[in-house]
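Q: This is the structure I have questions about; it appears just below.
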Amino acid sequence: MSDRVTILTVDDQPTNLRLLEAVLSPQGYRVITASSGEQALELLHSSSIDLVLLDIMMPGIDGYEVCERIRREPSTAFLPVVMITASGDYEKTRAIKAGADDFVSKPFHQGELLARVASLARIKRYHDTVTRQAAELARWNTELEARVRTQVEELQRVNRLRRFLSPQVAELVINSGDDSVLRSHRREIVVVFCD
């Protein structure tokens, strides 16, 4: 897989982290693990993450709180989050309300997990592409505005020249691009007359 997708897996159980890594790594995903909500939030600021697989029940900051903090942060607001839950509909509903994009039930089915990860990773790549293109368009727009401003200033300069100079002299200045032609040729001369 070129330009590998990086997945942050968050679970307080080391066996679950190893299992997720064993499922995801052979598919070409780069897996980073965190054993707590606090560690996950630190990794989100220090690493480039494409998707988060987040356990709900953890000591300290639980999965709901981690997800809510991810959504509040502008740099991670659109980061796909898949919550991993062992219980029923109430936790799934609460996970969605916390900002999760999807959820997987424990014990998870390997094919389902990979399908959900692939789908959300593709959406994240599309979002990143749109964001990058919007930044490029803004840069091009700024550059275009600067060019237009420069050309308008040049047109105003040319119009001033044509208004005050003969057409031949104005063309000479415009074509040469050198304003030195307009400099005064007068010299200061001292004349002493003695009688």
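Q: Using the beta-carbon distance between PHE78 and LEU155 and R0 = 41 Å, what value does 1/(1 + (r/R0)^6) give for FRET efficiency, to the nearest 0.05? Walk me through the intermediate numbers first.
A: Values: r = 44 Å, r/R0 = 1.06.
About 0.40, to the nearest 0.05.
Q: Top to bottom by accessible area (1.4 Å), largest first, where do MET83, MET57 land?
A: Largest accessible area first, the residues go MET57, MET83.
Q: Using a Förster distance of 41 Å, how high is the FRET efficiency between GLU143 and GLN168, based on the Cβ-Cβ distance and rounded to 0.05?
A: 0.70
Q: Going by amide H atoms built from the backbone, whose H comes under 5 Å of the H on MET58, apart from near neighbours?
A: Under 5 Å from the amide H of MET58: GLY63.
Q: For ARG160, ARG18, write out the residues from largest to smallest accessible area, computed with a 1.4 angstrom probe and no ligands counted.
A: Largest accessible area first, the list is ARG18, ARG160.
Q: To the nearest 500 deg cm²/dmol, what mean residue ellipticity at 222 nm is calculated for the chain from DSSP H runs of n ≥ 4 alone, each contributing -39,500 (n - 2.57), summed and divided by the residues?
A: My calculation for the chain gives -18500 deg cm²/dmol from helical runs alone.
Q: Report ³J(HN,Hα) in whole Hz for each residue of the stretch 66-78, in order, from the Karplus equation J = 6.51 cos²θ - 1.76 cosθ + 1.60 where θ = phi - 60°; Gly and Pro get x.
A: Along the stretch 66-78, the couplings run 4, 4, 4, 5, 4, 6, 6, 7, x, 6, 10, 4, 9 Hz.
Q: Run the reach check for LYS92 against aspartates and glutamates, Cα to Cα strictly under 20 Å, same-chain hits fewer than 8 apart removed. What comes back?
A: Leaving aside aspartates and glutamates fewer than 8 places away in the same chain, those within reach of LYS92 are ASP11, ASP12, ASP55, ASP62, GLU65, GLU68, ASP101, ASP102, GLU112.
Q: Then there is this: Using the beta-carbon distance between SER25 and ASP128 and R0 = 22 Å, what value does 1/(1 + (r/R0)^6) give for FRET efficiency, to the nearest 0.05?
A: Using R0 = 22 Å, I get an efficiency of 0.50.
Q: VAL104's amide H: which non-local residues (gap 5+, or another chain) put their own amide H closer than 5 Å, with H modeled 1.01 Å from N in plane and none for Pro or chain starts?
A: Here MET83, ILE84, THR85 satisfy the definition.
Q: Still on this structure: Just to confirm my numbers, what's the Cα centroid distance between the stretch 83-114 and the stretch 124-181 in Å?
A: 55
Q: Using a 1.4 angstrom probe on the protein heavy atoms only, could you order THR85, THR93 from most to least accessible area?
A: From most accessible down to least: THR93, THR85.
Q: I want the local charge near ASN141. Using Cβ-Cβ distances under 14 Å, sum +1 for each Lys or Arg and -1 for each Asp or Glu among the other residues.
A: Result for the neighbourhood of ASN141: 0.
Q: In degrees between 0 and 90, to the nearest 10, how far off the longest principal axis of the chain does helix 89-98 point, with axes built from Cα atoms?
A: 20
Q: Whole number please: convex hull volume per residue, Cα atoms of the chain, in Å³.
A: For the chain, the hull spanned by Cα atoms encloses 241 Å³ per residue.
The values are calculated or read from the model by the stated rules, or taken from the named source; none is laboratory data. This one's a predicted model, so the numbers in the text were calculated from it and none came from an experiment. Cβ coordinates were reconstructed from backbone atoms using ideal geometry, including for glycine residues, and neighbour counts include every protein chain displayed. Protein only, heavy atoms only, side chains kept; ligands, DNA and RNA dropped before computing areas. Shrake-Rupley method; radii C 1.70, N 1.55, O 1.52, S 1.80 Å.
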